[in-house]
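Presented below is the structure to which this report refers.
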Amino acid sequence: MGDMMTTREVAEYLRIKERKVYDLVKARRIPCTRVTGKWLFPRLLIDAWVSQSAAAVTPPTPTPPAVVAGSHDPLLEWCLNQAGAGLAMLPGGSLHGIERLASGDAAICALHVLDTETGEYNLPVVRQSLGALGVVAVEWAWRDQGLVVAAGNPKGITAITDLPAVRVATRQAEAGSHILFEHLLSEADLTASDLDVVGEPARSETELAMMVLEGKADAGLAVAAVARQLKLGFVPLHRERCDLVMRRRDYFESPFQTLLALTRTAAFTAHAADLGGYDISGLGTVLYNGP
């Protein structure tokens, strides 16, 4: 076949009956030209027509719900409430957020997942779990993680090694805080079985801190901001990075850009300082854009 195909040749090329080709010509639905009484079909235009037809019948990717899933973060929660971007927070742990983003059940995932082998935050699990989706990872903030304790620290807790002597609140297995907590225990030659773990695993940073405030636990790992919000004591142990991950298309959409715009205001900077325990100097930096 040359650059111009006859009716018979284009029928063979498209694997349809020649009569169907005439029907398409009559309906003006196929690229063709009439030369000396014969219908001819430019191969390049036929190829483009086939590609366009295939794209037309491919169902569009559903728009995910306007939800920020994954890790709970007090500063992000405040920002979502203030921005008016139409985004709701649905905390459930970093790993759960990754699952919701991958399945199309969330627009954005907040996460702080330590790769214990490399010491790197978030990007290893993003590459492994979301690499094929075409996602963008944006730095949100560095946060101080540590032990939330009662006001005045009446138990005198100063390190992770003090935990076997007190009642400990924990987070759910999907939480980035749980991953970090197990890592810190391992570094101290401890395991969860060495601790007096009380209550059900907390589903958010605030829920864990409330367990301490209400006297249900003596300590638990959470960010400094929740301790300050509830006027509790705090023993700093670790500095971590929290990122926001979304599909590349959603990075440019209004909800995220509206959220990002608020982070550039003086009000946002002041609130981050009031909460305490945040370094927002790199906020908005694109850390990953793949594949």
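The values are calculated or read from the model by the stated rules, or taken from the named source; none is laboratory data. In this text the structure is predicted, and so the values were computed from the model without any measurement. Cβ coordinates were reconstructed from backbone atoms using ideal geometry, including for glycine residues, and neighbour counts include every protein chain displayed.
Some observations on this one:
- Flag if ALA270 is touching a Lys or Arg at 6+ places or on another chain (Cβ under 8 Å), modelled with pLDDT of 95 or more and of a type in the set (A, V, I, L, M): no
- Residue in segment 130-141 that is of a type outside the set (Val, Ile, Thr), touching a helix residue (DSSP H, G or I) at 6+ places or on another chain (Cβ under 7 Å), assigned by TED's automatic domain parsing to the domain that holds PHE234 and closer than 28 Å to LYS231 by Cα present: yes
- Segment 58-74, subset within 16 Å of PHE256 (Cβ to Cβ) and touching a Leu at 6+ places or on another chain (Cβ under 7 Å), residue surrounded by the most Cβ atoms within 10 Å (Cβ to Cβ): GLY70
- Scanning segment 246-291 for residues that are acidic (Asp, Glu) and either under 20 Å from ARG143 (Cβ atoms) or not in a helix (DSSP H, G or I) (or both) gives GLU253, ASP274, ASP279.
- Selection status of ALA102, more than 25 Å from ALA261 (Cβ to Cβ) and modelled with pLDDT of 90 or more: yes
- Considering the conditions (1) crowded, with 19+ Cβ neighbours inside 10 Å; (2) charged (D, E, K, R); (3) part of a loop (DSSP other than H, G, I, E, B), ASP243 is excluded by exactly one of them, (3).
- Residue-level analysis places ASP218 outside the set of residues that are surrounded by fewer than 23 Cβ atoms within 10 Å (Cβ to Cβ) and in the same structural domain as PRO74 (by TED's automatic domain parsing).
- Within segment 193-215, the set of residues being in contact (Cβ under 8 Å) with a residue 60 or more places away in the chain, surrounded by 15 or more Cβ atoms within 10 Å (Cβ to Cβ), of a type outside the set (Lys, Arg) and part of a loop (DSSP other than H, G, I, E, B) comprises just one member, SER204.
- Cross-chain or 6+ apart pairs with Cβ under 7 Å, segment 1-27 first and at pLDDT 85 or above, then in a loop (DSSP other than H, G, I, E, B) and of a type in the set (Lys, Arg): ALA11/LYS17
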